[in-house]
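Participant: Before anything else, here's the structure in question.
The values are calculated or read from the model by the stated rules, or taken from the named source; none is laboratory data. Worth saying up front: this structure is predicted, and the values here are computed from it rather than measured. All Cβ positions, glycine included, derive from the backbone under ideal geometry; neighbour counts span all protein chains shown.
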Amino acid sequence: MTRLSEAQVERALKPLTGWRREGDYITKEFRFPTFLAGIRFVDAVALVAEAQEHHPDIHVVWTTVTLNIQTHDEGGLTKWDFDLARAIERTSPAPRRGLGRLRVSSREFLYTT
């Protein structure tokens, strides 16, 4: 995968609400009503990342989750990073109790909550 040009990065960022560029990363801060709601979101993001085989840097501070994405092998931003950001935008936290189910592309993950 090749790094995107500055113009390509700017175009790819426009439709991603709340995402911004910080150096060679795209980043977004998500706020939740409780710590556990944020952790459920992190769990859902982890499943999406595993399905795409591309993983964001995740930073959790109480009810705030910050995601930073870049293609480390390329040392910057690629199409793969924006694909992951769009997939994360479609992610919702897992149910509160019982068995959760998340479908990502053709893969399905089951997990207990």
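Participant: Can you tell me which residue among Phe82, Phe109 is crowded, with 16+ Cβ neighbours inside 10 Å and at pLDDT below 95?
Facilitator: When all the criteria are applied, what remains is Phe109.
Participant: Going through the stretch 18-49 one residue at a time, which ones are within 13 Å of Ile88 (Cα to Cα), in contact (Cβ under 8 Å) with a residue 24 or more places away in the chain and loosely packed, with under 15 Cβ neighbours inside 10 Å?
Facilitator: Glu29
Participant: Run Ile26 past the list (1) in a strand (DSSP E or B); (2) at pLDDT below 95 and report the number of the one that doesn't hold.
Facilitator: Going through the list (1) in a strand (DSSP E or B); (2) at pLDDT below 95, Ile26 breaks only (2).
Participant: Would you mind finding the one in Ala12, Ala51, Ala44 that is out of contact with any strand residue (DSSP E or B) (no Cβ under 8 Å at 6 or more places or on another chain) and not in a loop (DSSP other than H, G, I, E, B)?
Facilitator: One residue alone meets the criteria, Ala12.
Participant: So if I check each of Thr64, Thr17, Thr91, Thr34, which one is hydroxyl-bearing (Ser, Thr, Tyr) and either closer than 15 Å to Met1 by Cβ or modelled with pLDDT under 90 (or both)? So that I can check it myself, show each step before the final result.
Facilitator: Values: Thr64 fails: either closer than 15 Å to Met1 by Cβ or modelled with pLDDT under 90 (or both); Thr17 fails: either closer than 15 Å to Met1 by Cβ or modelled with pLDDT under 90 (or both); Thr34 fails: either closer than 15 Å to Met1 by Cβ or modelled with pLDDT under 90 (or both).
Thr91 is the lone residue from the list that is hydroxyl-bearing (Ser, Thr, Tyr) and either closer than 15 Å to Met1 by Cβ or modelled with pLDDT under 90 (or both).
Participant: Among the residues of the stretch 54-68 satisfying the criterion of being assigned to a strand (DSSP E or B) and out of contact with any strand residue (DSSP E or B) (no Cβ under 7 Å at 6 or more places or on another chain), which is surrounded by the most Cβ atoms within 10 Å (Cβ to Cβ)?
Facilitator: To start, the set of residues in the stretch 54-68 that are assigned to a strand (DSSP E or B) comprises 57-61, 64-68.
Add one more test, that the residue is out of contact with any strand residue (DSSP E or B) (no Cβ under 7 Å at 6 or more places or on another chain), and what stays is 60-61.
Numbers: Val60: 14, Val61: 10.
Looking at residues that are assigned to a strand (DSSP E or B) and out of contact with any strand residue (DSSP E or B) (no Cβ under 7 Å at 6 or more places or on another chain), I get Val60.
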